[in-house]
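Heads up: the structure comes next, in structure tokens.
The values are calculated or read from the model by the stated rules, or taken from the named source; none is laboratory data. All of these numbers come straight from a predicted model, not from anything done at the bench. These area figures cover heavy atoms from the full protein model, side chains too; ligands, DNA and RNA do not enter into them. Shrake-Rupley method; radii C 1.70, N 1.55, O 1.52, S 1.80 Å.
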Amino acid sequence: MDQRKKDILAYLKKNESVKISALAEMCKVTIRKDITQLEEQGLIVRYHGRISIVNAETTPYFIREDANCAQKRLVAREALKLIRPSDTIILDAGTTTMAIAEEMIHLPPRNIVTNSIPIATQLRNTNHTITMSGGVLLNRSMCTVGPDAEAFFNKIEADKVFLGCYGLRENQGLTTNIILEASVKRAMLHAAKEVIAVFDGSKFSQTALEMFAGFEEIDKVITTHPLEETPVLKELEQRGIQVIFADD
């Protein structure tokens, strides 16, 4: 691999996503051929004029899965109370939605749609009908992203979607650090009749690069109490969003 391709990958490992035009300007040369070759090798994904590294070296899924386990389990058990026997549900990729999947193992059959490989694997021996989106594998989150995943969710209709997040942007909505994930989350949101955000209380003190859901698009929030008082809770209340505290 020549040096310019190595430099492109090194930049993407630090920034996760960049506009092709901005990268070309930084390199001061035509990089179209480099991008095409990296894409063919499965090292990057091209999407809406941007490129992202496929195997971004950020916190692995299995490490994040161990964080705040008890709170995620409480959130998951509250989520189950909202699922009716006739529901088709979408489970977003993430460790809190994984906890929901684990709680669903012994439930009667449901239609479950997801882009998460760990969730599909967890439920593989159950009586549930599991449907997975296609797309490009995002190693960090062990899920599928990109145009094919987004197009899949644009074609379906579900009763409920359970969406996780990295954090919240005050007065605005739910955020994530990965732009490719944000696009799929938005498609999931529009595919469901009811949108339910699920996250533990630590997320109230965090925010991230990309907003994927405005508060006006959220119907319910299932969470645990934050460690410190936060204006976000008042914002949710003022907007009429039902907040269910799993640790009450």
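First check a/c for region 68-132, with a ≥ b ≥ c the square roots of the eigenvalues of its C-alpha gyration tensor; if it is under 1.5, answer rounded, and if not, answer prolate when a/b is larger than b/c or oblate otherwise. Oblate. Is the C-alpha gyration tensor of region 176-246 telling us rounded, prolate or oblate? Criteria: a/c under 1.5 is rounded; beyond that, a/b larger than b/c is prolate, otherwise oblate. Oblate shape, in that a/c is at least 1.5 and b/c is the bigger or equal ratio. Rank VAL29, VAL221, VAL195 by mean-square fluctuation in a GNM of the chain with C-alpha springs under 10 angstrom and give only the top-ranked residue. Of VAL29, VAL221, VAL195, the Gaussian network model singles out VAL29 as fluctuating most.
What residue among ILE105, ILE222, ILE44 shows peak mean-square fluctuation when the chain is described by a Gaussian network model with Cα springs under 10 Å? Looking only at ILE105, ILE222, ILE44, the biggest GNM fluctuation is shown by ILE105. Taken over the C-alpha atoms, the chain has Rg and Dmax values of 18.7, 59 angstrom. If you roll a 1.4 Å probe over region 109-169 with all protein chains in place, what percent of the accessible area is carbon or sulfur? The computed percentage sits at 45.
Separation of the alpha carbons by more than 31 angstrom is noted, of LYS193/LYS234; LYS19/LYS220; LYS14/LYS234, for LYS19/LYS220; LYS14/LYS234.
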